[in-house]
Amino acid sequence: MGAPVLAATTLANTRTGRKIMIGALLLFALATGLVLTPLIAIPLAAVGAAASAPGGATTTIAPVASGAWGYPLAGAYSKGRGFGYNPVSGCSYCSTDHQGYDMAQGCGATIYAAGPGRVITAGNYQGYGNTVRIDHGNDTVTLYGHMLSDSLRVSVGDDVTAGAPLGAEGNTGRSFGCHLHFELRKSGTPAPPEPFMAALGLPLK
């Protein structure tokens, strides 16, 4: 075999070897991509779902329930004023006779119906700002005050159950920072929500 033929054969073998190596590398990269895609895509999808939660909240858990009733917030919350004489330092328009129970997770946290009933208010209401009221029958009404503007997810006449999203925690009306004003009315008169919820197995802080 002459030198030119030998050189050509060697060059051809070298090119074939490179093609095989490149092919093997491409197959390895493709296999690696197939294995890693779920590990990357699934967490990103979860983050996207959390980020797009109603009201801007990232909470994905449901409120704790006991029977047909549950908490109006899902997860931990901080307590503000309770029912009764509770003046607020630095707030001239805040009543000293507080007729509800204040709880907060932060602006935009989702607020849920505490029990089954029919929505009788969905919008601006007295000094409570953006508000939802639910008639639960038996002369019992719950009120959810100070929600973010344009965050309401129910309308007057809607039937709801415990855990139904109502809107998002805000600072509308006569409010001193983002929070939920949760109020209970019996026969039209404000009543302490703490013993009422405790009797349902849902003690407030």
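In the range 148-171, which residues are farther than 17 Å from Ala62 by Cβ and open to solvent by 30 Å² or more (accessible area, probe 1.4 Å)?
Residues satisfying the conditions are Leu148, Ser149, Asp150, Leu152, Ser155, Val156, Gly157, Asp158, Asp159, Asn171.
For the range 149-166, which positions are more than 17 Å from Cys178 (Cα to Cα) and not acidic (Asp, Glu)? Break it down stepwise before answering.
Quick first cut of the range 149-166, residues more than 17 Å from Cys178 (Cα to Cα) only: 153-165.
Residues satisfying the conditions are Arg153, Val154, Ser155, Val156, Gly157, Val160, Thr161, Ala162, Gly163, Ala164, Pro165.
In contact with an Asp or Glu (Cβ under 8 Å, 6 or more places away or on another chain) and either hydrophobic (A, V, I, L, M, F, W, C) or farther than 17 Å from Arg118 by Cβ (or both), is that true of Pro195?
no
Output the number of residues of the range 117-147 satisfying the condition of being open to solvent by 50 Å² or more (accessible area, probe 1.4 Å) and either farther than 16 Å from Phe182 by Cβ or part of a strand (DSSP E or B) (or both).
Summing the residues that are open to solvent by 50 Å² or more (accessible area, probe 1.4 Å) and either farther than 16 Å from Phe182 by Cβ or part of a strand (DSSP E or B) (or both) in the range 117-147 gives 6.
The values are calculated or read from the model by the stated rules, or taken from the named source; none is laboratory data. Bear in mind the structure is a predicted one, so any value in this text is a computation, not a measurement. We place every Cβ from the backbone using ideal geometry, glycine too, and count neighbours over all the protein chains shown. Accessible surface areas use protein heavy atoms only, side chains included; no ligands, DNA or RNA. Shrake-Rupley method; radii C 1.70, N 1.55, O 1.52, S 1.80 Å.
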